[in-house]
Amino acid sequence: MGELASIVSCGLYVPQWRLERTRIAQAMGWLGPAPAPGASGARAVCGWDEDALTMAVEAGRCCMAQAQGGAPAALSLASTTLPFADRSNATVVTEALDLPDSVRTSDHAGSLRAATTALAEAARCGADSSTLLIASDARLARPGSAAEMEYGDGAVALLITGGPPPEGCKPLATLRAVAHLSADFIDHYRMTGEPFDYALEERWVRDEGVAKLVPAAISRALVLAGLTAADIDHFAMPGLPGTARRLAQAAGLARARVSEGLREDCGDLGAAQPLLLLLVGFGQGVDALVLLAGEGAAARAQRELAQVLARRRLEPHYTRYLAHRGLLAPDFGRRAERDQRTAQSVAWRKHRELAAFIGGRCSACGAVQFPKSRVCVNPECRLADTQAEHRLAETSGRLRSFTEDWQAYTPHPPCVYGNIGLEAGGNLLMELTDVAPGELEVGAPVRFVFRIKDCDRQRAYRRYFWKATRG
């Protein structure tokens, strides 16, 4: 059987913050007389200004930076925690990545196998099409629950081309077959408007659902690929420790190497987890994928994953984590009592600057400025109508001055902002994120990341912009 699609590039993003499971156990251990099971390692958690959209943008930037060729024809965003129920989340990501407005956008939600289903759909688009598929999740868990120990936040992006890989391209993997098994087997669920998942009894889910449905889907996929179980070298599936090993045995994959995820330093990434592992998606049905790994792809992926996970710092305050996820409401005082209403008319007129971080470069003197304007800011130039669009998101800079402001409101005090000298020239005043008091110094290198700017809680709206962070 020929290739259905090729995966030509991959991007990963995991927030830098880690919440140790022992810290959760210490805070919530009063619920039971015995130490919490599985309280080892740490889970990746979003900062206050991160969510499924901001993580998707960072994974997409990483993926597209490694890709060859132009923009994809489509962008698909898979998540069970999309911030907007009635707004195209994928279009927000497309604008932040500065992709052409001809790119087809689609949101995929409703199940933890949203990403594998979207991958199968991308493979059917034909050899003349390409899709940037991004899966991103930041699931809430009720404090003290088993899910609080297991969930992690993160995103994975894949650039997929239909059919065989383009000439001269060495793909990470080629998709040989996809088998789908639809079954309304409820292992967990979350009703619309509810913040937390409700999970059913673990043993019943494992024995009656996973152990029966997954092997059936794997058998279908092997038939479609024209392979036998003995031909499979690697088997991966999200789930609790030991689940993937038992399923491999049940499916006859005796010689396959088994992968179960990154629990110790990451956690279960929800809809993004199947793309991180690349084989089986489970959630009210099963998607089983058969892939042929490219030469050196495994080693390359391991290096990239190790680099992403190395950017870590511990969240020492369990209550701050709860506050950042909206599970605790501290009193920030009157400084937090301000109207954050977004002027949608201005947001639309300035959407290139706000979403894609587009500034201007003077064609006469080369001066870079943000925002772009009719007149060049260079006092020795001052020519009008000479500026071309210049994307600042992929540039870097250095910190020329900064302030740690303990009086201004921010969910993660202090509010840090500074004057950034851009590598391409020019200066701008920006908010900084993911920095601790006392760790910045003048001259420090910085890069730019897409983050939540603020939240209008009165009108239930989230506004995004770019911030500087340590380079």
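Rule-based calculations on the coordinates, nothing more; no lab input. Since the structure is predicted, the reported quantities are computational estimates derived from the model, not experimental observations. We place every Cβ from the backbone using ideal geometry, glycine too, and count neighbours over all the protein chains shown.
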Exercise. Ranked from highest to lowest mean number of other Cβ atoms within 10 Å per residue, what is the order of the peptides 395-402, 325-332?
Worked result: 395-402, 325-332
Exercise. In percent, how large is the relative contact order of the chain, given Cα pairs closer than 8 Å and 6 or more residues apart?
Worked result: 16 percent
Exercise. Using mean Cβ contacts within 10 Å as the protection proxy, how do 344-352, 39-47, 360-368 order, highest first?
Worked result: 39-47, 360-368, 344-352
Exercise. With axes computed from alpha carbons, what is the tilt in degrees of helix 114-123 against the longest principal axis of the chain, rounded to the nearest 10 within 0 to 90?
Worked result: 90 degrees
Exercise. Is it possible to state the helix-based mean residue ellipticity at 222 nm for the chain, with each DSSP H run of 4+ residues giving -39500 (n - 2.57), the sum divided by total residues, to the nearest 500 deg cm²/dmol? What is it?
Worked result: -6500 deg cm²/dmol
Problem set entry | Pairs from K170/K453; K350/K467; K372/K467 whose Cα-Cα separation, in the structure shown, is over 28 Å | K170/K453
Exercise. By DSSP, what percent of the beta bridges with both residues in segment 16-114 are antiparallel, rounded to the nearest 5?
Worked result: 40 percent
Exercise. How high is the relative contact order of segment 322-471, in percent, counting Cα pairs under 8 Å that sit 6 or more residues apart?
Worked result: 20 percent
Problem set entry | the chain - Cys residues lacking any other Cys C-beta under 4.7 Å | C10, C46, C62, C63, C125, C169, C266, C415, C455
Exercise. Quick one: helix 211-225 against the long Cα principal axis of the chain, what's the angle to the nearest 10°, folded into 0 to 90?
Worked result: 80 degrees
For this session: Set the Förster distance to 35 Å, then compute FRET efficiency between Q302 and T228 from the Cβ-Cβ distance, nearest 0.05.
Result: 0.80
For this session: Measure out, as a whole number of angstrom, how far apart the alpha-carbon centroids of segment 221-236 and segment 350-418 sit.
Result: 52 Å
Problem set entry | For segment 370-471, the fraction of alpha-carbon pairs in successive 10 Å shells from zero, as % | 14, 40, 31, 15, 1
Exercise. Where nothing but the Cβ of Lys and Arg (+1) and of Asp and Glu (-1) is charged, how large is the charge dipole of segment 8-84 around its Cα centre, in debye to the nearest 20?
Worked result: 240 debye
Seminar exercise, completed: Tilt, helix 52-66 to longest principal axis of the chain (alpha-carbon atoms), in degrees rounded to tens, equals 90 degrees
Exercise. What FRET efficiency would be calculated for the residue pair L429, M28, taking the C-beta separation as r and a Förster radius of 41 Å, to the nearest 0.05?
Worked result: 0.50
Seminar exercise, completed: Placing each pseudo-label 7 Å from Cα in the direction of the beta carbon, S259 and A310 end up separated by a distance in nanometres of 1.9 nm
Seminar exercise, completed: Ranked output for segments 8-16, 79-87 by mean other Cβ atoms within 10 Å, highest leading, reads 8-16, 79-87
Problem set entry | Net lengthening on full extension, T342/E389 (0.36 nm per residue, minus Cα-Cα) | 14.5 nm
